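> What follows is a single structure, and I will ask about it in a moment.
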Amino acid sequence: MRVTNKMMSNNTQYNINMNKAYLDELSQQQATQRKVINPSDDPVTAIRGLRFESSLASITQYLERNVSDAISWTDITQTSIDKAQELAREMSSEYSSASSDFNKVSDRSAYLDNLKALAKEFYQTGNTKNDNRYLFTGYRTSDSLTFSEKDIEERKLEAVNTSAPFKYECISEIFDKEDVESYSFLKGAMKESDVDDANNTAYSETSVKNIDVFRIRLAYDDIDSSQTASTGAGSTTQDVATDAVSGGKVSLTTTVKTLTLYNENGTSTGLGGPYTVNLIDNDEDAASAATDKAVYLNYKTGNLIFGDDVRSEIMEAAHITFGYNKSSWDAGDVKPEHYFCCYDTGSASKGTISYMDYQQEIEYNVRSGQSLKINTNARDLFDLGVGRAVDDLEEALNAVSEAEAKVAKLQEMLDDPVKYENTDKVQMCFNAAQKELDYANQRLESVISANITSSGKYYDKVNLAGTSCGTTIKRLEIVKNRLVDNYTTVETQASENNNVQLTDVVIDINEANMVYTSALMVTGKIAQQSLLNYI
Amino acid sequence: MPSQFMGLMIGYSGLSTYQATLNVVGNNAANVETEGYSRQVMNQKASDALRTYTGYGMAGTGVTAVSIDQLRNTYYDLKYRNNQADLGRYSVHKAYMTQIEDYFADDTTVDGFNTLYTENFFNALEELNDDPGTETARTNFLGAAKSIMEYFNNMSAKLSDMQTSLNQEVKSQVERINKIAQEIASLNQQINVIELAGSAANELRDQRNLLVDELSGIVDVEVTEVPVLDESYTDGKQHSLGTTRFTLAISNGNNLVEGYRYNTLECVERSNTYKNSQMDVDGIYDIYWSGTGGEFSPLAINLSGSLKGLLELRDGNNDYALGGTVASDAAAGDTSVTMTYTGRAESLKEVINELNIGAAGTITLSNTKYTYESWTASEDSSTGAITFTFSGLAPFVKEGSATAGILRSLDEGDSVVVGKNVDYQGIPYYQTQMNNWVRQFAYCIDKIQKYGDSSYSNYSSPDYTSNLYGNDMTLSFFQWKDRVSGDMIDLNEEAVDSDLSISSTDTTAYFNLTAANVKVNPNIINDVGLFSTTSSDGDVNLSDNDVVSKMVEVMTNKTTMDFRGCSSEEFLKVVLSDIALGTKNAKTFTSISENLENTIGNQKLSVMGVDDDEVAMDLIKFQNAYNLNSKIIQTMTEIYDRLILQTGV
């Protein structure tokens, strides 16, 4: 074949260009440290690289934000639970010290004040925040656990009724038979006027009676004397535990002012009730409870009182529901929406606010496809019974103090036969007062012993919440470690996929450069020479 | 006995021939770097011998220069031109695909879809999921959503710009074809004038070949050159007149130049009403033959050339225009036709996701092209069959309008293509991919926002009424912006979901939404409280995130949002795979063609190229020959001198 100079220069130009292109590619690899400059150079590696990048991005998000936020949340939760645990223990030991020798308790009111302060502090712990979000109130992270002065003042500005800015309706409590307690109250105790009139009128010891009945303690005292529901706020329906037989949810309806009994599967068939309660403000009005088949609600003390007939029906039921309204709230009271289904009808601008959910679980995505519940609900930790136990004690102590005052006054009268000459009558009154005191002391003792038991239970509840929070923290640590491992692995893989081995590139560049230089040299030689050089 | 002075004449013939040959060599040397120059040689032969009537018989009379011929191999020309067509096509692919590849790039230097979606949007969504109540998380999320949509707006605009420039280039290529046709026709005439006189028009032929070479890069060419016969001879033999008839055909035998006549092509702007693809820019050119008005298409499967490359990129929809078969017989004159859809989509919803037809457009019914004014589509709820009805049918005309009604009757089963099938992943293809993603994404998010559920496996009524963070949202999360009026238009999936039918006038339907016009509802951007994070009372349950966690699923769960068998976050992986493979192919084929061009070019040069050494050698050779002949004359002179002046004197 005939070869012309042009052909040779074409070929060498083409080859030199190829060498240059290769050299350029290598030098770009060296400069950027990346294997693939354009995806089309190596589509498989490039697309794989994208996958690694997004994995790394999501691991970083989980590791640096989600998991670390979750850890900070649970750490603070743990600290608050520790504090609550401390308070619960202190209350428990206060009750114990009272039981060992109650007479040593010199200043009952100081004792009581201390307990009240502890209880208040206990619930106050539930207002802890993390990053401006309340920890124990489920999704309602802007809503504190207890009422604050600010809440009440703010609501007053737009309340339907400024004297009762918050009006909760159909606070729906669900009880079981464990919640039924024995309860006793005095009937026929002397009134202040009877004591004053002791010299003239004898008071029969026999009319002072202790009525033994049963009660269910509501979560709140001082509830509304009128239990009528606003439109649409008269009842709630909620799901409770799964039915063991059918596997479906058991749905219970709660109606205002009505005690309803349900069996395991959520029906009322074959059970007693429902009972529309009788509203009373003095236990004595429930005296007939022991014998009649009715349920009484003392709206001042927040006790549902009933006799044995009703009790035996309740003992047959699996779930007992009762709804009530409460409008009187003080700062420091625990808000019912975190514990019960209820309606708040107190707001003029918002209308009726429905709270139909109190077991709200905040879940953080901690890795792709895995989420962890990080919050602890107040209901699982801050039992409303803690405060109510103090109320019970206060009531019992008041009864003792009242009886003691009567006894002391009558004793004085007895000691002064000159002034109070009808010693017989005074003596009879004294005996009646003494009986009242005995009953009161008896009741105090039983309240203290009940409170010792219950405070142990409350302590255990806090403890359990602490343990479960601790478990979450442990799991988060494990997830965190795994994510760190994961990150390192993916990062290594990504680097193997995307980055060049510097040594390889350097060697390749040297080789390519050598080839290039020699190509140039040869070309130079060829291009310079022609026949003309020799003629 | 020959003439006494014959020796002198022989010497003279040598001198003049080599003088001329040296000129040819000189001409070759002068054109050593001239593009397209074919090496010329002097054709010489020994002059006719004289009968001398002597014992030694015939006597040679010297040399005759016959002609100056060019050396050229037409076989290599043919090979070279075939390859030029491929090179032209793949170079265009390479140039534009590399740009598209750059547009979609996402690496350490450029933030692309992955950075915006799988990183920024995902992170914002996760933070919203953890803390849906705070304004920062909500604002952050909206910002991320907005930047994803801006990414698509931007990408779509870039691709449209590219389509515009491709369209301009189509026009300039067509103009170039016309110019070349005109020049070749004029050269044909000049060549024939010269060659009729008996001499070869070497330089003009080189020029013509060069023009054909250039043209072969634009479109496939086919050259035939036959001698023109002199019909006046009756001896049954063929006698050439000395002239030739040069015919140049392009793209499967369409004559561009026939002798001195040439045809031209013209670019006609397609009516903006009847676009082939919904996303096409305004003023797309269709190419017609100026004379006959017939449509010129260089897209046939066996063709190549840069014009085809440009059209493939401009119109390429991966051979997947909406199409099907005629559902029931139609008579000539009918103005509407129903089509049974035969594409790969399994539901009307899926058809809408990838729908790329305009409200009005062109449709090919059994190989005849029509225009339609509107369409409706529906899905049979029991059989799942999807049908489209196109109304306002009229024959397609280049300009002006035609009487409504189809020209010929149609039988059930006849083919229907809406727009045009172009078998390349060009700009309409990538626009459709983006539209598909954007429509699905908007649909899922809107539906979650409105009903808390994104499944569209069945078109059931809403799962629950909207109950949102502080507000009832009656508007969709995403809206589309009307290009003409600038209005933001609300989207509502019920247009399809409720009665399984849709029409081109449903402005709230998702086929209106494109990568170019999708926007986050501006009302939501102005008030971050307007979108939903929970299906419960968001005023109270600030941290409830059931709606957000469903949105998280849109990103990662491919049963919630299925983009070509992958989850939504894998958009770039899927599309970039297409682009990377397309670019890689373009690069590979370009380099193969370049390599071939080099090889065939060299083969051509092997015949027609001028070689330095050869020229130098020729120079010496012919100079020597010249010198020799001059020596002959000198010797003859001396002989005559001896004979005339000294012999017998």
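Values in this text are rule-based calculations from the coordinates and carry no lab data. Please read these numbers as outputs of a predicted model, since none were measured by experiment. Neighbour counts are summed over all protein chains in view; Cβ atoms, including those assigned to glycine, are modelled from backbone coordinates with ideal geometry.
> So which chymotrypsin sites (Phe, Trp or Tyr not before Pro) in the stretch A:207-277 end up in coil per DSSP with only 10 or fewer other C-beta atoms within 10 Å?
Details: sites: A:PHE214, A:TYR220, A:TYR262, A:TYR275; in loops: A:TYR220.
Listed in order of number, the matching sites amount to none.
> So what is the 222 nm mean residue ellipticity for chain B from helices alone, if each DSSP H run of at least 4 adds -39500 (n - 2.57) and you divide by all residues, rounding to the nearest 500 deg cm²/dmol? Mind showing how you got there, number by number?
Working: 13 runs with 271 residues, N = 649.
Taken over chain B, the calculation gives -14500 deg cm²/dmol.
> Next question. How high is the FRET efficiency from B:LYS146 to A:ASP82, r the C-beta distance, R0 45 Å, rounded to 0.05?
Numbers: r = 44 Å, r/R0 = 0.98.
After rounding, the FRET efficiency stands at 0.55.
> Given +1 on the Cβ of Lys and Arg, -1 on the Cβ of Asp and Glu, and no further charges, what dipole in debye does chain A carry about its Cα centre, rounded to the nearest 20? Walk me through the intermediate numbers first.
Numbers: 52 positive and 81 negative charges, 728 e Å.
With Lys and Arg at +1 and Asp and Glu at -1, about 3500 debye.
> Can you give me the long-range amide H partners of B:PHE563? Hydrogens built in the peptide plane at 1.01 Å from N, cutoff under 5 Å, separation of 5 or more residues or another chain.
B:SER568
> For the stretch B:563-617 and the stretch A:18-88, what is the separation of their C-alpha centers, rounded to whole Å?
37
> Dividing the alpha-carbon radius of gyration of the protein assembly as shown by 2.2 N^0.38 Å (N being the number of residues), what value is obtained? Numbers along the way, then the final one.
Values: Rg = 50.9 Å, N = 1184, 2.2 N^0.38 = 32.4 Å.
For the protein assembly as shown, the normalised Cα radius of gyration is 1.57.
> I'd like the Karplus ³J(HN,Hα) series for the stretch B:260-270: coefficients 6.51, -1.76, 1.60, θ = phi - 60°, whole numbers in Hz, and an x wherever there's a Gly or Pro.
Values, residue by residue: 8, 9, 9, 9, 10, 9, 9, 9, 10, 5, 6 Hz.
> Is there a pair in B:LYS45/B:LYS621; B:LYS420/B:LYS587; A:LYS116/A:LYS150; A:LYS373/B:LYS550; A:LYS156/A:LYS300 whose C-alpha atoms are over 19 Å apart, and which pairs would that be?
The answer is B:LYS420/B:LYS587; A:LYS116/A:LYS150; A:LYS156/A:LYS300.
> Eigenvalues of the Cα gyration tensor times 5, then square-rooted: what semi-axes does that give for the stretch A:126-176, in whole angstrom, largest first? Numbers along the way, then the final one.
Details: eigenvalues 97, 74, 13 Å².
Rounded to whole Å, the semi-axes are 22, 19, 8.
> Would you calculate, for chain A, the mean residue ellipticity at 222 nm contributed by helices, counting each DSSP H stretch of 4 or more residues as -39,500 (n - 2.57) and dividing by all residues, to the nearest 500?
Roughly -16500 deg cm²/dmol at 222 nm, from the helical runs in chain A.
> Residues with beta-carbon under 9 Å from that of A:ALA450, excluding A:ALA450: net charge, scoring Lys, Arg +1 and Asp, Glu -1? Before the final figure, lay out each step's value.
Working: positive: none; negative: A:GLU181, A:ASP392.
Neighbourhood net charge equals -2.
> Here's something else I'd like to know. Do you know the relative contact order of chain B, to the nearest whole percent, from alpha carbon pairs under 8 angstrom that are 6+ apart?
Working: 1190 pairs, mean separation 117.9, N = 649.
Normalised by residue count, the contact order of chain B is 18 percent.
> Let me know the volume per residue of the alpha-carbon convex hull for chain B, in Å³. Present the calculation step by step, with values, prior to reporting the outcome.
Numbers: hull volume 133.8 nm³, N = 649.
Measuring per residue, one finds 206 Å³ for the Cα hull of chain B.
> Report the Cα-based extents of the stretch B:48-148 along its three principal axes, largest first, to the nearest Å.
127, 20, 16
> Taking every pair of Cα atoms in the stretch A:254-360, average 1/r, invert it to obtain the Kirkwood radius, and report Rg/Rh to two decimals.
Working: Rg = 15.9 Å, Rh = 15.6 Å.
Rounded to two decimals, Rg over Rh is 1.02.
> By count of other Cβ within 10 Å, fewest leading, how are A:LYS525, A:LYS326, A:LYS177, B:LYS481 ordered?
Numbers: A:LYS525 9, A:LYS326 24, A:LYS177 14, B:LYS481 17.
Listing A:LYS525, A:LYS326, A:LYS177, B:LYS481 from fewest to most nearby Cβ atoms yields A:LYS525, A:LYS177, B:LYS481, A:LYS326.
> Sorted from fewest to most neighbouring beta carbons within 10 Å, what does the list A:MET18, A:MET514, B:MET155 look like? Don't jump to the answer; show the numbers that get you there.
Values: A:MET18 15, A:MET514 11, B:MET155 21.
Final ranking by Cβ density, sparse to dense: A:MET514, A:MET18, B:MET155.
> Along the positive direction of the dipole of the stretch A:28-121 (beta-carbon charges: Lys, Arg +1; Asp, Glu -1; about the Cα centre), which of A:SER68, A:GLN85, A:VAL44 reaches farthest?
About the Cα centre, the residue reaching furthest to the positive side is A:VAL44.
> For the charge dipole of the protein assembly as shown, defined by +1 on Lys and Arg C-beta atoms and -1 on Asp and Glu C-beta atoms about the Cα centroid, which residue among B:GLN4, B:THR364, A:ILE280 has the Cα displaced farthest towards the positive pole?
B:GLN4
> For q = 0.23 Å⁻¹, what log10 I(q)/I(0) does the stretch B:192-293 give under the Debye formula with an equal point scatterer on each alpha carbon and no solvent?
Each listed q maps to, in turn, -1.21.
> Out of the stretch B:340-441, which trypsin sites (Lys or Arg not before Pro) are coil in DSSP terms and have no more than 11 other C-beta atoms within 10 Å? Numbers along the way, then the final one.
Working: sites: B:ARG344, B:LYS349, B:LYS369, B:LYS398, B:ARG408, B:LYS420, B:ARG439; in loops: B:ARG344, B:LYS398, B:ARG408, B:LYS420.
Filter output for the stretch B:340-441: B:ARG344.
> Another question about this same structure. If you place +1 on the Cβ of every Lys and Arg and -1 on the Cβ of every Asp and Glu, how big does the dipole about the Cα centre of the protein assembly as shown come out, in debye to the nearest 20? Intermediate results must be reported in sequence, preceding the final value.
Details: 97 positive and 168 negative charges, 1249 e Å.
Using Cβ point charges on Lys, Arg, Asp and Glu, the protein assembly as shown gives about 6000 debye.
> B:THR559 versus A:GLU264, label points 7 Å from Cα toward the beta carbon: distance in nm?
3.3
> Residue farthest toward the positive end of the dipole of the stretch A:324-373, with Cβ of Lys/Arg at +1 and Asp/Glu at -1: which of A:ILE362, A:ALA331, A:CYS341?
A:ILE362
> When the C-alpha atoms of the stretch A:1-135 are aligned to their principal axes, what extent does each axis show, in angstrom, from largest down?
Sorted from largest, the Cα extents of the stretch A:1-135 read 129, 24, 20 Å.
> Quick check: from the Cα gyration tensor, does the stretch B:326-374 come out rounded (a/c under 1.5), prolate or oblate? Present the calculation step by step, with values, prior to reporting the outcome.
Numbers: a/c = 2.31, a/b = 1.57, b/c = 1.47.
Verdict is prolate for the stretch B:326-374.
> Quick one: net charge around B:ASP77, please, counting Lys, Arg +1 and Asp, Glu -1 for every other residue with C-beta under 9 Å from its C-beta. Intermediate values should be presented prior to the final figure.
Values: positive: B:ARG72, B:LYS79, B:ARG81, B:LYS604; negative: B:ASP213.
Here the count lands on +3.
> Using modelled amide H (1.01 Å from N, peptide plane; none on Pro or chain starts), what sits under 5 Å from the amide H of A:LEU279, excluding residues fewer than 5 places away?
Under 5 Å from the amide H of A:LEU279: A:LEU297.
> Pull up all non-local amide H partners of B:THR243: gap of 5 or more, or a different chain, and H-to-H distance under 5 Å with H placed in the peptide plane.
Distant-sequence amide H within range of B:THR243: B:VAL228.
> I've got another one for you. Give, in whole angstrom and from largest to smallest, the semi-axes √(5λ) of the equivalent ellipsoid of the stretch B:534-631, with λ running over the eigenvalues of the Cα gyration tensor.
After diagonalising the Cα gyration tensor, the semi-axes are 80, 12, 5 Å.
> Which value, in debye to the nearest 20, describes the size of the charge dipole of the stretch B:522-644 about its Cα centre when Lys and Arg Cβ atoms bear +1, Asp and Glu Cβ atoms bear -1, and nothing else is charged? Mind dumping the intermediate values first?
Values: 10 positive and 19 negative charges, 152 e Å.
It works out to roughly 740 debye.
> Also: At a Förster distance of 45 Å, what's the computed FRET efficiency of B:ASP482 paired with A:ASP131, Cβ-Cβ distance as r, to 0.05? Don't skip to the end; give the middle numbers.
Values: r = 43 Å, r/R0 = 0.95.
After rounding to 0.05, the efficiency reads 0.60.
> Let me know the Kirkwood hydrodynamic radius for the stretch A:88-205, please, with Cα pairs as the basis and the value in Å to one decimal.
Working: mean 1/r = 0.0503 Å⁻¹.
Across the stretch A:88-205, the inverse of the average 1/r is 19.9 Å.
> Next up: At a Förster distance of 41 Å, what's the computed FRET efficiency of A:SER347 paired with A:ASP292, Cβ-Cβ distance as r, to 0.05?
FRET efficiency, A:SER347 to A:ASP292: 0.55.
> Something else now. Modelled label-to-label distance, B:ASN595 and A:ASN510, 7 Å Cα→beta-carbon offset: nm?
2.9
> Shifting gears a bit: When Cβ neighbours within 10 Å are restricted to other protein chains, what is their mean count per residue of peptide B:598-610? Before the final figure, lay out each step's value.
Details: counts 7, 3, 0, 4, 9, 2, 1, 8, 6, 3, 2, 7, 3.
Mean inter-chain Cβ contacts per residue within 10 Å come to 4.
> How much net charge surrounds A:ALA229 when only the other residues with a Cβ under 14 Å from the Cβ of A:ALA229 are counted, with Lys and Arg +1 and Asp and Glu -1?
On the way: positive: A:LYS167, A:LYS257, A:LYS326; negative: A:GLU169, A:ASP224, A:ASP344.
Cβ neighbours under 14 Å give a net charge of 0.
> When you have a sec, figure out the Kirkwood radius of chain A from all distinct Cα pair distances and drop it here in Å to one decimal? Before the final figure, lay out the partial values.
Numbers: mean 1/r = 0.0335 Å⁻¹.
29.9 Å is the Kirkwood radius here.
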